[in-house]
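The values are calculated or read from the model by the stated rules, or taken from the named source; none is laboratory data. These numbers were taken from a predicted model, which means no experiment stands behind them. Ideal geometry is used to build each Cβ from the backbone, glycine not excepted, and the neighbour counts take in all protein chains shown.
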Amino acid sequence: MEIEQPGFRFPLFDKCLVLANMDGPDPDSGTCWECGYAYKKKPIVVYHTDFRKSGATDSTSYNLMLTESSNQVVDVSQDLDDDEKIARKLHEALMRLDPRIAVEA
């Protein structure tokens, strides 16, 4: 699929999933757009390493539109000092989507 300019392919078309970092007081608008574009087309995994909350409720750390439209939501904000634990949680989320997507840890 091409976008108006011949020979230009938007990189998201070729990816098998979207792994989106939702850190910050408000998730990045470009990342949010990519999640919206991928909705119902590709699996979406969103993760949050930020201790700040930006969601409308206490039960979510960011916008409900993002958490509810994602296939997997991973909150690793309590694991900031443990890179291996963060990587393991993200790997587990990918494996729940499709074992063929994730590479062996």
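Annotation note: Cβ proximity below 9 Å between a residue of the stretch 72-90 that is within 10 Å of THR49 (Cα to Cα) and a residue that is surrounded by fewer than 12 Cβ atoms within 10 Å (Cβ to Cβ) and hydrophobic (A, V, I, L, M, F, W, C) (sequence gap 6+ or interchain) occurs for SER77/PHE51; GLN78/PHE51; LEU80/PHE51. Looking across the stretch 26-84 at every residue that is at pLDDT 85 or above and of a type in the set (A, V, I, L, M), the one that is farthest from ARG96 (Cα to Cα) is identified as ALA38.
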